[in-house]
Structures are given as C-alpha cells and as structure tokens.
Amino acid sequence: ATNFANFTPQEAQGRGIFVSPPANCDVCHRTHLQILDRPRNNGLDATTIDAGVGGVTGVAQDDAVFKAPSLRNVELRAPYMHDGRFGSLEEVVAFYNNGVQNHPNLDQVLRGRNGQPRRLNLDAEEQAALVAFLRTLTDTAFVTDPKFADPFVAGNGAESTATPTPTATVTPTPTATAT
C-alpha cells in the first residue's frame with residue numbers, strides 16, 4: 001500500500017471511501033486508465049434528458065451515457081456533471097450518496113444486487129471526508145505556476161510585446177454534387 005502520511009485523518013478516511021466499497025469511485029475515475037474507460041450512465045435522471053453518446057450513435061443503449069472525467073484539479077472545475085447541474089463537490093457527493101436515478105441505461109457499477117440504484121448511505125462525516133479527499137486532487141502549485149499561465153491574459157507576466165499574427169481565413173472549396 002502507498003503511504004499517504006501527508007494526508008489529514010479526514011483526507012485519509014475519504015481516500016478509503018473513494019477506493020473501497022460501497023463507494024468504489026475509482027472504478028470510473030481511474031486517471032491512469034482514463035483514456036481506456038468507456039462512457040457510462042451515472043443516473044443523473046430517470047429518463048433521457050440529454051442523449052449524450054446516444055445522440056451520436058443513435059443506439060438506445062447509449063442514451064444518456066457520458067465519459068467520466070479525470071478528477072485532477074476537480075476542486076477548480078465547478079460546475080459539475082456534463083450539464084453543470086451541481087455547483088459544489090458536496091452536491092456531487094450527496095448525489096452519489098442517495099440521488100442516483102434508475103435510468104434504463106444506468107451503469108451496472110451503480111446498481112445494487114437487487115437491480116436498483118446503489119445508495120452509499122454515507123453519514124455527514126463520511127461525506128465530508130470524501131470531499132476532503134477529492135480536494136487533495138487539486139495541484140495548487142501547478143495551477144498557480146506562471147509558467148503555465150495563459151499568455152494571452154493581461155497580468156500573467158507572459159504577455160508578448162509582438163503584434164499578434166492574424167489567423168488565416170479558409171474559404172471552403174465547393175464540392176461537386178451528383179445530379
């Protein structure tokens with residue numbers, strides 16, 4: 001096991017919740033395998049409101065299916081979910097704790113043995129611990145390092161004195177159509 005001696009007891013508790021039953025959040029949020037993970041329905045709604053992948057594929061089993069994001073710097077990326085419905089990590093954790101809806105395409109990871117949406121049933125302390133752990137995934141040194149600042153935002157110390165080069169305009173070439 002990896003030593004997380006730099007974590008507070010609350011953060012360590014949250015990490016345990018993240019990687020263990022009943023939460024097992026890492027099943028969908030494995031950053032090192034993120035590019036290999038498949039899109040999933042996480043039960044935001046009981047019926048399809050946003051088709052997600054299904055809107056592209058036209059396959060009913062893909063309706064309301066979305067890619068789970070990496071959680072790197074998650075604290076800085078509110079609002080959350082594909083539609084921005086949650087404004088805080090606390091709201092996200094509360095949703096997974098007892099708000100997952102029984103959509104027909106709900107991923108099996110979020111279904112209990114009885115086929116119904118899983119409920120984590122975390123108490124307030126456990127929910128706070130999970131949020132505390134999620135906040136440890138924010139790299140404040142990285143996000144405040146001037147080397148990685150947007151060079152086009154005034155005040156970042158990276159402004160160029162050169163005149164910006166205009167972008168080229170591309171005019172589409174008409175395509176022949178069959179008659």
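The values are calculated or read from the model by the stated rules, or taken from the named source; none is laboratory data. What you see is a predicted model; the values in this text were computed from it and never measured. Quick reminder, even Gly has a Cβ in these numbers, built from the backbone with ideal geometry, and neighbours come from all protein chains shown. Each accessible area value is taken on the protein alone, full model and side chains, heavy atoms only, with ligands, DNA and RNA left out. Shrake-Rupley method; radii C 1.70, N 1.55, O 1.52, S 1.80 Å.
Taking segment 103-120 only, how many residues are open to solvent by less than 60 Å² (accessible area, probe 1.4 Å), in contact (Cβ under 8 Å) with a residue 12 or more places away in the chain and over 22 Å from residue 30 (Cα atoms)? Of the residues in that region, 1 qualify.
If you scan segment 39-62, which residues turn out to be touching a residue at least 24 places away in the same chain (Cβ under 8 Å), part of a loop (DSSP other than H, G, I, E, B) and within 18 Å of the chain's Cα centre (by Cα)? Scanning segment 39-62 gives 39, 42, 43, 44, 45, 50.
Note on segment 19-38: residues that are at pLDDT 85 or above, within 13 Å of the chain's Cα centre (by Cα) and surrounded by 15 or more Cβ atoms within 10 Å (Cβ to Cβ) amount to 2.
Within segment 78-100, can one find any residue that is under 19 Å from the mean Cα position of the chain (by Cα), at pLDDT 95 or above and basic (Lys, Arg)? Looking through segment 78-100, at least one residue is under 19 Å from the mean Cα position of the chain (by Cα), at pLDDT 95 or above and basic (Lys, Arg). Every condition in (1) free of Cβ contacts under 8 Å to residues at least 60 places away in the same chain; (2) of a type outside the set (S, T, N, Q); (3) open to solvent by 30 Å² or more (accessible area, probe 1.4 Å); (4) assigned to a loop (DSSP other than H, G, I, E, B) is met by residue 72 except one, and the failing one is (1). A count restricted to segment 75-97 and to residues that are of a type in the set (Phe, Trp, Tyr), out of contact with any helix residue (DSSP H, G or I) (no Cβ under 9 Å at 6 or more places or on another chain) and open to solvent by 20 Å² or more (accessible area, probe 1.4 Å) stands at 0. In this structure, residue 100 does satisfy being assigned to a loop (DSSP other than H, G, I, E, B), open to solvent by less than 50 Å² (accessible area, probe 1.4 Å) and of a type in the set (Val, Ile, Thr). For residue 123, the conditions (1) modelled with pLDDT under 95; (2) exposed (fewer than 14 other Cβ atoms within 10 Å of the Cβ) all hold with the exception of (1).
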